[in-house]
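Beneath this line is the structure, given in structure tokens, with notes to follow.
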Amino acid sequence: AQSVTQPDIHITVSEGASLELRCNYSYGATPYLFWYVQSPGQGLQLLLKYFSGDTLVQGIKGFEAEFKRSQSSFNLRKPSVHWSDAAEYFCAVGDNNAGNMLTFGGGTRLMVKP
Amino acid sequence: ETGVTQSPTHLIKTRGQQVTLRCSSQSGHNTVSWYQQALGQGPQFIFQYYREEENGRGNFPPRFSGLQFPNYSSELNVNALELDDSALYLCASRGGLADTQYFGPGTRLTVL
């Protein structure tokens with residue numbers, strides 16, 4: 001069965017600092033991987049996705065993620081965090097690139113210090 | 001703006017009751033999925049409908065059921081509510097040329 005683990009429940013960074021959110025997955029075949037962001041009172045917004053090709057994926061809002069098959073990881077990064085990035089971030093794995101029947105991790109709550 | 005709306009925003013029910021949650025998708029979105037997100041957890045896949053037929057289900061009992069209508073709206077029905085059903089219920093739809101999936105803002109269900 002597929003699964004996703006986000007080891008960090010909470011992360012606090014200073015505004016302007018770099019960010020890396022960890023994601024590890026378990027999947028039997030080639031994974032389709034996603035990162036979503038959820039702000040209070042809002043639904044999930046897709047940041048980026050990976051399903052083949054270049055292992056470094058660029059997304060919206062200046063985020064990027066790197067797929068490492070040998071480590072079963074898909075970590076999310078941003079070089080300089082803005083206060084508006086404070087939110088809950090979810091990594092997910094699906095069975096196609098459209099985001100079918102996603103399995104989500106438990107999420108990482110990001111807090112940004114001024 | 002995702003074009004996916006859900007109603008109601010909040011709902012309070014008592015144990016044993018039945019509830020219907022509604023989702024309205026963008027025109028042309030033939031696939032709708034429902035997720036349950038308990039407090040402090042990631043969303044869990046409940047089921048998916050494609051052209052009014054269920055074509056995928058997660059690990060949820062039969063008292064969770066759904067309907068999808070030709071006008072791109074859908075429903076999630078939960079019978080015999082339990083306290084653990086308290087959660088945020090998210091609807092997601094996709095379709096069209098880009099086949100991009102969009103999530104609605106969710107319905108917060110509280111079971112007392």
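Just so it is clear, none of the values below were taken in a lab; they were calculated from the coordinates. The model shown is predicted, which means the values in this text are computed figures rather than measured ones. Every residue, glycine among them, receives a Cβ derived from its backbone with ideal geometry; neighbour counts consider all protein chains shown.
Here are the numbers for the structure shown:
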{"item": "Shielding by partners - mean other protein chain Cβ count within 10 Å, residues of B:63-73", "result": "0"}
{"item": "DSSP bridge pairs, the range A:1-58: antiparallel proportion in percent, nearest 5", "result": "100"}
{"item": "Full-stretch length increase - A:Trp83, A:Asp54 - with 0.36 nm per residue and alpha-carbon distance subtracted", "result": "7.5 nm"}
{"item": "Chain A, Cα convex hull volume normalised per residue, Å³", "result": "97"}
{"item": "Shielding of B:98-111 by partner chains, average beta-carbon count, 10 Å", "result": "3"}
{"item": "Integer Hz, Karplus 6.51/-1.76/1.60 couplings in order for the range B:52-69, x for Gly and Pro", "result": "6, 10, 6, 10, x, 9, x, 8, 10, x, x, 5, 8, 9, x, 9, 10, 10"}
{"item": "Relative contact order for chain A, counting Cα pairs under 8 Å that sit 6 or more residues apart, in percent", "result": "37"}
{"item": "Averaged over B:42-54, number of beta-carbon atoms from partner chains that fall within 10 Å", "result": "3"}
{"item": "Unit charges on C-beta of K, R, D, E only; dipole of the protein assembly as shown, Debye", "result": "200"}
{"item": "For B:Gln17, distant residues with modelled amide H under 5 Å away", "result": "B:Leu81"}
{"item": "Per-residue Cβ neighbour rank within 10 angstrom, fewest leading, A:Val4, B:Val32, B:Val19", "result": "B:Val19, A:Val4, B:Val32"}
{"item": "J(HN,Hα) series, the range A:11-23, from Karplus relation 6.51 cos²θ - 1.76 cosθ + 1.60, nearest Hz, glycine and proline x", "result": "9, 10, 10, 7, 4, x, 7, 7, 9, 9, 10, 8, 8"}
{"item": "Per-residue ³J(HN,Hα) for the range A:56-66, Karplus 6.51 cos²θ - 1.76 cosθ + 1.60, θ = phi - 60°, Hz, x for Gly and Pro", "result": "9, 10, 9, x, 7, 6, x, 8, 9, 9, 10"}
{"item": "Label point distance in nm, B:Gln26-A:Ser14, each placed 7 Å from Cα along Cα→Cβ", "result": "4.1"}
{"item": "For the range B:13-74: relative contact order, % (alpha-carbon pairs under 8 angstrom, 6 or more apart)", "result": "31"}
{"item": "Amide H partners (placed H, <5 Å) of A:Glu15, local residues excluded", "result": "A:Lys113"}
{"item": "Mean separation of Cα contacts under 8 Å (6+ apart) over length of chain B, as relative contact order %", "result": "38"}
{"item": "Positive-end residue, the range B:8-112 charge dipole about Cα centroid, Cβ charges, pick of B:Asn71, B:Ala38, B:Pro61", "result": "B:Ala38"}
{"item": "Net lengthening on full extension, A:Asn97/A:Ser26 (0.36 nm per residue, minus Cα-Cα)", "result": "23.9 nm"}
{"item": "Nonlocal amide H pairs with B:Phe47, under 5 Å, H built at 1.01 Å", "result": "B:Trp34, B:Gly58"}
{"item": "Cα centre as origin, Lys/Arg/Asp/Glu Cβ charges: chain A dipole, Debye", "result": "60"}
{"item": "Distance between the range B:73-98 and the range A:40-81 - C-alpha centres, whole angstrom", "result": "26"}
{"item": "Peptides B:69-82, A:50-63 ordered by average Cβ neighbours within 10 Å, highest first", "result": "B:69-82, A:50-63"}
